């Protein structure tokens, strides 16, 4: 899946994930990881990134507060 698609799905994924639920986003190019995290920040906290070569896995926890985006 492309980073652009993950960014567009951020709000929808946040609505499907309950507070304190976890999300894992994978198959993201290292150079696009910060853009993807920025898109999810209104709804998720505790971001962790694992890198293998040029690919990253981003995990985060759904926050209790609703995002403003």
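The values are calculated or read from the model by the stated rules, or taken from the named source; none is laboratory data. The structure displayed is predicted, hence computed values, not measured ones. As a convention, Cβ positions derive from the backbone with ideal geometry for all residues, glycine included, and neighbour counts pool all protein chains shown.
Things to note:
- The requirement of being at positive phi and surrounded by fewer than 12 Cβ atoms within 10 Å (Cβ to Cβ) is fulfilled somewhere in the range 36-51, by at least one residue.
- Here the range 1-32 is the region considered, the condition is being free of Cβ contacts under 8 Å to residues at least 24 places away in the same chain and over 17 Å from residue 63 (Cβ atoms), and the residue that is surrounded by the fewest Cβ atoms within 10 Å (Cβ to Cβ) is 5.
- Residues in the range 33-64 that are in contact (Cβ under 8 Å) with a residue 12 or more places away in the chain, more than 13 Å from residue 3 (Cα to Cα) and part of a strand (DSSP E or B): 11 in all.
- Meets criteria (at pLDDT below 95, part of a strand (DSSP E or B) and within 16 Å of residue 13 (Cβ to Cβ)) for residue 67: no
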